[in-house]
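Written below as structure tokens is the structure these notes are about.
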Amino acid sequence: MKQFYIALLSEFYKSRKTLAFWAAIILPVLICGSITLGFYFNAEKILKSNYPGMILWAQFSGASLNIMGLLILPFYVIFMAFSINNIEHKNDTWKTLFSQPLNKFSIYAAKYAYAVLLIFICLLLFFGITYLSGYLLQSLIPEYTFKDYNPSIILSKFYTRLFFSSLGILSIQFILSLIWSDFLKPMGIGFVGTIMGIITANVQWKYAQYIAYAIPTITLRSAKPKGSNPEDFQIFSNDIYISIAYGVLLFIIGYFILTKKNIK
């Protein structure tokens, strides 16, 4: 455990100045901030719709959820997975990394865990900024009805689903970035996979849930309440279980690829 912690801390120090790290913070601030400004400057138009609290929250939070789930999350995961391993490729430090008094599994697990942590931070910020921004708008524009509904449960469920839905994509891209050091191959495959995933999810192909890149889109569309209460929907469904299964299986495969990697 100590070796894992040292390796994880090392990943933070190596990547703390990279775009992959800062994007986890900048993306939520930029996207949620833009939506908040839109609701502030277009308040007069929005108020004409006379939305009740729950619907107003759905309009407000749905904007960032759809942007994040459909496009930003898959592409961020693809880029971030590449960036974490590219640090070693670019600086030619794989040999130096494995010459440390740390076992390979600790190094590999720390890299993967750090990638998962960045996704968690990014989505947690999306949740927190969305939640706080709604109440900020309420204080600035008292005519809004954000105060009439507490969206914390439903938002936390949606973002938890998005977190688990990203694990399959992360594991695939993590392996690709281990195998190839160049930018085009893993990014190109990820880009094509994401486009295919969005298309197959939107046309509701029955096998789309088995495509890792389609799962973020599916997980947003398949979150349906059991009854009349919109908060009554499951976090864990077939698509989420499949994404987790991809994550676990490919994590193991990735480790064996790393152990067989020719380190020069």
Some residue of segment 163-185 being touching a residue at least 24 places away in the same chain (Cβ under 8 Å), within 17 Å of ALA58 (Cβ to Cβ) and assigned to a helix (DSSP H, G or I): no
Top-ranked residue of segment 151-173 - restricted to ones that are over 19 Å from PHE82 (Cβ atoms) and under 9 Å from the mean Cα position of the chain (by Cα), ranked as surrounded by the most Cβ atoms within 10 Å (Cβ to Cβ): SER165
Every pair of residues 6+ apart whose Cβ atoms lie under 6 Å, when the first sits in segment 195-211 and is touching a residue at least 40 places away in the same chain (Cβ under 8 Å) while the second is buried (at least 18 other Cβ atoms within 10 Å of the Cβ): GLY197/ILE211; GLY197/TYR213; GLY197/ALA214; ILE198/THR217
Segment 186-224, residues that are in a helix (DSSP H, G or I), surrounded by fewer than 18 Cβ atoms within 10 Å (Cβ to Cβ) and either at positive phi or not basic (Lys, Arg) (or both): GLY188, ILE189, PHE191, VAL192, ILE195, MET196, ILE199, ASN202, TYR210
Qualifying residues in segment 94-150 (those that are among the polar types (S, T, N, Q) and more than 30 Å from GLY53 (Cα to Cα)) - the one surrounded by the most Cβ atoms within 10 Å (Cβ to Cβ): SER106
Hey, LEU73 surrounded by 17 or more Cβ atoms within 10 Å (Cβ to Cβ) and either over 24 Å from the mean Cα position of the chain (by Cα) or free of Cβ contacts under 8 Å to residues at least 60 places away in the same chain (or both) or not: no
Within segment 65-112, tally of residues that are among the charged types (D, E, K, R) and outside any helix (DSSP H, G or I): 1
LEU56 surrounded by 21 or more Cβ atoms within 10 Å (Cβ to Cβ) and at pLDDT 90 or above: yes
Every pair of residues 6+ apart whose Cβ atoms lie under 7 Å, when the first sits in segment 96-112 and is under 18 Å from ASN86 (Cα atoms) while the second is charged (D, E, K, R) and at pLDDT 85 or above: none
Long-range neighbours under 9 Å by Cβ, at least six apart or interchain, first residue touching a residue at least 12 places away in the same chain (Cβ under 8 Å) and farther than 25 Å from PHE126 by Cβ within segment 1-30, second among the hydrophobic types (A, V, I, L, M, F, W, C) and part of a loop (DSSP other than H, G, I, E, B): GLN3/LEU102; PHE4/LEU102; ILE6/LEU102; ALA7/LEU102; SER10/LEU102
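The values are calculated or read from the model by the stated rules, or taken from the named source; none is laboratory data. Everything numeric in this text was worked out from a predicted model, so none of it was measured. Positions of Cβ are backbone-derived with ideal geometry, glycine not excepted, and every protein chain shown enters the neighbour counts.
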